[in-house]
Amino acid sequence: MSTLAAISALSSPTFWVSLLTLIGIYASVTMLLNVESGWGGMWDLGIVGLLAIGSYTYTIVTNPPGEFEVSYAPGWPVWAGILAAMLMTGIVAFLVGLPALRARREYFLIITFAFAEVFRQLAINLGDLTHGTVGFNSVARPFESFFQRDALRAVLLVVTWGAALLVYALTRRISRSGYGRALRAMRDNEPAALSLGIRVSRLRLQTFVLVGVAIGGIAPLYMWWLRYANPNVFRAQFTFTAWTALVLGGIASRFGPVLGVAVLLLFTELVELIDVPPELRNVHVAVHPLAIGLLLVLVLRFRPEGLLSERRTFGERARRQTALDVAMAAVASRLRRLGRGDAVRAEAL
């Protein structure tokens, strides 16, 4: 890309509207990933699989009959497609979570990563339903009959960031609730959490399903931005981008995922807009992931907890006591009460 073309892109409202919309979508997904992984300790590498299920569900049920050579195209309205996507991702998250959440650490990583890849292969092979590798080159979008193209992009930007604010409000509420404290206690010390009566298995499954349902609500936004759906869109690169943004912004912080996504995607776009001679374009493409890795290394070198840390997020109270401290203090208190009760009974005898 020439210098003139790069300057033109940076000065174009369309470029910024498109980029800000993508940032809003990634921010929503990364905030949900933070609930699951940052607070719940469930390190999920298959979140793009849930996004793919929600995206395909929405696209299939909203496509008008006869537009594509598929076996099922009911032509539902947009709002029904969103509800269907949320319901389907919730059901799949429940079915996958039942066996997967019995595993721990790297085994859970492998299972969730495999789940995302298995669904992508199913999307390729179930051509009668998903249109195979070709996919769908058009997606039903709201407000198309009311606004022209540029105005519609601005409206979808507002809708996307409205959804991102709702996700932020949800995660903020969770972080301040007993549910969020139970998640962090489970993450920090599972035996202590179990001794306090926290049903760890149920809590994990509830969180996994909650994130799945919310991802189903975000998936149509991604389809509105892309305007097409095919298996290549849902490669593992999406999950790795979300994880990179989460690490940059700060795992387990409330606003860190949003900041990490904004920094990462802005940096990515600026690197892609660098003007290089035609003979060096292949080198430029190869250096691109290296530049992102260098950014991640620099942030982790000087800010090991990310740009925003968990302790900073939860304020002075978090600096004085973590969820693990609370759990262990409660266990110690209960043990002391039991010890005093045994001593009293011994004196009575």
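Assorted remarks:
- Pairing residues of segment 98-123 that are closer than 17 Å to GLY212 by Cβ with residues that are assigned to a helix (DSSP H, G or I) and charged (D, E, K, R), at Cβ distances under 6 Å and at least 6 apart in sequence or on separate chains, gives LEU101/ARG204.
- Residue check for PHE143: under 23 Å from LEU22 (Cα atoms) and among the aromatic types (Phe, Trp, Tyr): yes
- Scanning segment 120-150 for residues that are closer than 19 Å to ILE82 by Cβ and touching an Asp or Glu at 6+ places or on another chain (Cβ under 8 Å) turns up just one, SER138.
- Residue tally, condition surrounded by 18 or more Cβ atoms within 10 Å (Cβ to Cβ) and charged (D, E, K, R), over segment 245-293: 1
- Condition met for ARG202 (assigned to a helix (DSSP H, G or I), within 23 Å of ALA27 (Cα to Cα) and not aromatic (Phe, Trp, Tyr)): no
- Evaluating LEU51 against the criteria (1) over 24 Å from ILE110 (Cβ atoms); (2) buried (at least 17 other Cβ atoms within 10 Å of the Cβ) leaves one unmet condition, (1).
- Hits in segment 175-193 - residues which are more than 16 Å from MET42 (Cβ to Cβ) and free of Cβ contacts under 8 Å to residues at least 24 places away in the same chain: ARG176, SER177, GLY178, PRO191
- Any hit, segment 78-92, residues being out of contact with any His (no Cβ under 9 Å at 6 or more places or on another chain), farther than 15 Å from ILE53 by Cβ, surrounded by fewer than 19 Cβ atoms within 10 Å (Cβ to Cβ) and at pLDDT below 90: no
- Just one of the listed residues (GLU36, GLU67) is outside any loop (DSSP other than H, G, I, E, B), touching a residue at least 60 places away in the same chain (Cβ under 8 Å) and charged (D, E, K, R), and it is GLU36.
- Residues of segment 281-310 that are charged (D, E, K, R) and more than 23 Å from the chain's Cα centre (by Cα): ARG281, ARG301.
The values are calculated or read from the model by the stated rules, or taken from the named source; none is laboratory data. Note that the coordinates shown come from a computational prediction; the quantities given were computed from them, not determined experimentally. With ideal geometry, Cβ positions are generated from the backbone for all residues, glycine too; neighbour counts draw on all protein chains shown.
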